[in-house]
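Working notes for the structure below.
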Amino acid sequence: MLKRFIDYARRFKGLESNQKAFKPSPYKWKQVDPKEKGKRQVLYGLCRACMQGDCATLVYLEDGIIVKTEGNPEAPPNYGSLCPRGKSELMGLYNPYRVKTPMVRANPEKGLDVDPMWKEVTWDEALDLVVERLKNVREKDPRGLVLCEGWGQRDTILRQPFGQAFGTPNEIGSHGALCTVHYPSGLVHAGYPVAIVDLEYCQYHITLGRSLGPNFATAPGTRKFARAIERGMKLVVVDPRSSYEASKGEWIPIRPGSDLAFLLGMAHVMLFEVQRYDVWFLKNRTNAPYLIGPDGDYCRDQKTGKPLMWEAIEDTAKPFDAEFEDIALTGTHTVNGVECRAGFDVVCDEFSKYTPEWAEGICTVPARTIRRIAKEFVEHARIGSTIEIDGFTFPFRPVSLNTERNVTNRRGGTYADLTGKIINMLVGNIEVPGGCLSCSFRGPIMGPDEDGTVKPAYEAVPRPFKYPPDHIGLAEFYPHQHTAPHIAIKSILDPEKYYLDYLIEAYISVGGNPIKMNAQPHAYVEGFKKIPFVVSVALHMDEPAILSDVLLPEHSALERFRVAAFYPQHQSIDDEVNGLKMIQLREPVPRLFNTKHADDIFTELAERLGILCGEGGLYDHLNNNIDWVDKTDGLNMNGEYKLDINRKYTLKEIVDRQIRGWPYSGGKGLKDLKEKGYIAHWKPRKEFYNYYYFPDDKTRHPFYFLGLKKVGDELRANLLEHNISFPGVDDMDYVFDLYRPVPHWVETPEFRAPEGFDLWAINWKTPYYSSDAGNVAGNPWLAELYSKDPYEAVICLNPVTAQRKNIKDGDMVIIESRYGKIEGRVRVSELFHPDAVGISGNYGLGTLQSNPLNRIGPNFNTLLSLDEKTFDGVSGGQDSAPRVKLYKKEVRK
């Protein structure tokens, strides 16, 4: 097995001949139980090889050995289909580079290429050492502990309540700083995490910076995509790269980092040239008619404080919830001696300057193309049409425009997503069949707040300000941030600069790898060196593991018992899973090494720390925690099935109670779940569309984003009160220019890069590398595929650009940003915009003791910035498209 891993590494393009593969420890592999010989068994599985992590599988064993995994043909959502990552998941189990037994560091020196001189210890010895250090941290200041989670460990339900019982606010995700896509959907849809397209009915879809599934081989998404294309949906892909999906539609090449300009230009055409929009929707389903005062706030009724709209027939202002014969969408009026304007007009004024010709000068998309796409979008929207589903009449708008991380991750990225929301609202397609939907819990979530607009939810709800801050990721200064490992590492390196009044004393990594998966990996290495005590609940010898003081080896995905709730998928939706409520089972295979389930580790730690039972303990917090995504229908501890906080439970006992308390289980438990591997409940199709719960004028989506302005105003006031600047940024206006209620053009710092940085680096997920769940980069079966893919782990360059720089296919080149540089072999292709340098996945880096495959290829994140001036000040997102220069690598003779 080891030889097979090394052979694949040496065959892979770009591996230098002088690289030596580390040989893993000679820990004995567990022998097959004689009782298993001759026995064949099929277990129900749940693939976790991507972020979505919901494909039902069948795991086949012979003689106690896994021989294959395949999709479960009877189970949603994949119905037997499975991506290459899922098919190769068994190689993660048999990976010889796994951490196989608890180990303690003997060498105080730390580095990715420094031998830790591991000493194998018993589980009791390792846990006792960890508990001794954690007790000291908790007594001094529980905020001194950081818990870092990530896509490598999707199967723990006790990590969060452990941190809560310990008393630390510092649980951070390693995975979200380059995927800050959540705020606008929480604001406009009250949903989480993103907006998706309804592929059951959509006839014209525009996608920017995201995938519908095929680009990174998500099996359910690819199934839905194929059906939509087959029935004739037109797809428009606006992207610097012509992807798999673009090949099935129209590719619109765009300069990297300029999506906001394209979207503003498209909105301008719809407002000022096409001039056809869903007037009924804007008047009755948005705050576009609300009157706005000179201070940017709503004009309010003097008696009730409610926002006012103008009654066109009576020629007077009324509270938004009064009876109206005809709501005025436009106009300037004097109310209580103050001149007010309709929010629609305020937005139009700002967008009037963004002509297609202006946009073309920035994004390079021809003005005529922007005009055509905008007109086609409106024509296909079928404004005014309806559709009946299960006896309920919905507006029918079979168009959608969706953006995601390669649009939102830069300064002004939040504005780009919000501009996309405005484009969708102009045709009235929010949360109706065929249109733009949240992929969140389906139900009555869009209830109005006191001002009549959708009450913000999830990350659109601002975190409260506190000074000095409690959070290592500075949520007090980025109240709408997603995850903030990049901010946390800067706070660890310089706590005084970032206003912290405590130090990080301990760090526990659980499936997270902020070193490899974020900007400037070597800055994270320095941060890890500064932390006195680092623990990894480790699958393999990745970057956090080799920098740790104690390794607590965890099961591989196939060895982990898990029951998970099914959520609407992140790529798209159609009737194949429309209305599906489901819980899924993974039956664990026999473990190979001296490893534990992460939740058993947290149980042991909590019990030894004295925080497992009792009031305020782990079980108490688990009882009171609510599923973040699906607050009503998730796997929560409900009613009579809540835990007795004064006794200890096994993981299976806890999960059995979750199942029995699930609203659709009918009282069934774990034993019943094992019959088919899932329990499913189908709700009526009409209940999937959130318009159903608040139809007509029962709620309003924000078109004028007053909520954003109010959060910015409050944050500015708090900074002034404490006489402090925004962390890392001295110019207050630079930050708060991103908190205006109407999106506007914001130039990122990359547009002002010095001469010579003439290209933009771009990155995308692939069928082999959508995230590093289960160490996909080190999987030899996947390596056999990606080593043959001409666009994988190379430097992709347009032929015109290559000719201008005298670069030929196969040349070794150096790519240099203002923040770092990498090297790789060039692949010349017309599939890329002339201003783009394309680098797939996130290969490279690795450690002295990692799988040799992990050290191969260009590490894209080395090119990215940790400078706050390049972040989006609202979401905290890092810029994913830095300006770079490219030149040939000198060949030594």
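Global dimensions of the chain from alpha-carbon coordinates: Rg and Dmax equal 27.1, 90 Å.
For the chain, the relative contact order is 20 percent, taking Cα pairs closer than 8 Å that sit 6 or more residues apart in sequence and dividing their mean separation by the residue count. Computed in the context of the full set of protein chains, the accessible area of the chain at 1.4 Å probe radius has 49% of its extent on carbon or sulfur. Sorting the segments 375-383, 281-289, 715-723 by their residues' average number of neighbouring beta-carbon atoms within 10 angstrom, most packed first, yields 281-289, 375-383, 715-723.
Leaving ligands, DNA and RNA out of it, work out the accessible area of residue 330 with a 1.4 Å probe and give it in Å² to the nearest 10. The accessible area comes out at roughly 70 Å².
Taking a quarter of the surface of the Cα convex hull of region 421-506, what do you get in nm²? Mind showing how you got there, number by number?
On the way: hull surface 34.1 nm².
Average of the hull's projected areas for region 421-506 equals 8.5 nm².
In this simple spin-label approximation, residue 385 and residue 714 carry label points 7 Å from Cα along the Cα→Cβ vector, and these lie 4.2 nm apart.
With R₀ fixed at 30 Å, the C-beta to C-beta distance from residue 303 to residue 696 puts the FRET efficiency at about 0.70. Stretched out straight at 0.36 nm per residue, the stretch from residue 675 to residue 279 would grow longer than its current Cα-Cα span by 137.4 nm. Rounded to the nearest whole angstrom, the semi-axes of the ellipsoid equivalent to region 355-411, taken from the Cα gyration tensor as √(5λ), stand at 32, 17, 6, largest first.
Of the cross-linked pairs 30/100; 224/248; 100/648; 234/686; 808/885; 581/686, which ones have a Cα-Cα span greater than 19 Å in the structure shown? Over 19 Å apart, Cα to Cα: 100/648; 234/686. What is the list of residues in region 702-738 whose amide nitrogen lies under 15 Å from a point 7 angstrom out from the Cα of residue 339, following Cα to Cβ? Under 15 Å, as judged by backbone N against the label point of residue 339, lies no residue of region 702-738. Rolled with a 1.4 Å probe across the full set of protein chains, the surface gives residue 632 an accessible area near 80 Å².
Under conditions of 25 °C and 0.890 mPa s, region 683-755 yields 154 µm² s⁻¹ as its translational diffusion coefficient, taking Rh as the Kirkwood radius over Cα pairs in the Stokes-Einstein equation. Report note on the peptides 142-153, 701-712: ranked by the mean count of other C-beta atoms within 10 Å, highest first, their order is 142-153, 701-712. Extending 7 Å from Cα along the Cβ direction at residue 668 and again at residue 106 yields two label points whose distance is 5.3 nm. Remark: the residue 120-residue 734 segment gains 215.8 nm on full extension, using 0.36 nm per residue and subtracting the alpha carbon distance.
What translational D, rounded to a whole number of µm²/s, comes out for region 550-670 from Stokes-Einstein when the hydrodynamic radius is the Kirkwood one over Cα pairs, at 25 °C and 0.890 mPa s?
The calculation lands on 153 µm²/s.
The calculated FRET efficiency for residue 890 paired with residue 784, based on their beta-carbon distance and R0 = 41 Å, is about 0.80. Among the cysteines of the chain, those whose beta-carbon sits 4.7 Å or more from every other cysteine beta-carbon are 50, 83, 148, 179, 202, 348, 363, 436, 439, 613, 796. With the helix formula -39500 (n - 2.57) applied to DSSP H stretches of n ≥ 4, the chain reaches a computed 222 nm mean residue ellipticity of -7000 deg cm²/dmol. Selection among 151, 136, 95 by position relative to the dipole of region 74-155 gives 151 as farthest towards the positive end (Cβ unit charges, Cα centre).
What region 125-254 shows is 28 Å² of accessible area per residue, with the surface traced by a 1.4 Å probe over protein heavy atoms.
Sort the following peptides by mean Cβ neighbour count (other Cβ atoms within 10 Å, averaged over residues), highest first: 530-541, 673-684.
The most tightly packed comes first, giving 530-541, 673-684.
Residues of region 859-886 with amide nitrogen under 12 Å from the 7 Å Cα-to-Cβ point of residue 752? Answer for this model: 869-870.
A 1.4 Å probe run over region 321-375, with the rest of the protein chains in place, finds 47 Å² accessible per residue. Expressed to the nearest 5 percent, the antiparallel share of DSSP beta bridges inside the chain is 60 percent. With a 1.4 Å probe rolled over the protein heavy atoms of all chains, the accessible area of 582, 517 falls in the order 517, 582, largest first. Under a plain spin-label model, where a point goes 7 Å from the Cα along Cα-to-Cβ, how far apart in nm are residue 744 and residue 375? Inter-label distance under the simple model: 3.1 nm. The stretch between residue 814 and residue 231 holds 205.4 nm of extra length on full extension. This uses 0.36 nm per residue minus the Cα-Cα distance.
Please list, in order, the residues from region 281-305 whose amide nitrogen is less than 19 Å from a point placed 7 Å along the Cα→Cβ vector of residue 353. The answer is 294-296, whose backbone nitrogens lie closer than 19 Å to the label point. For region 749-888, the gyration tensor built on C-alpha atoms gives an oblate shape. Its axis ratio a/c (a ≥ b ≥ c) is at least 1.5, and a/b is not larger than b/c.
The values are calculated or read from the model by the stated rules, or taken from the named source; none is laboratory data. Small disclaimer: the values here were computed from a predicted structure and weren't measured. Note that we place each Cβ from the backbone using ideal geometry, even for glycine, and neighbour counts take in every protein chain shown. Keep in mind that these areas ignore ligands, DNA and RNA; they rest on the heavy atoms of the full protein, side chains included. Shrake-Rupley method; radii C 1.70, N 1.55, O 1.52, S 1.80 Å.
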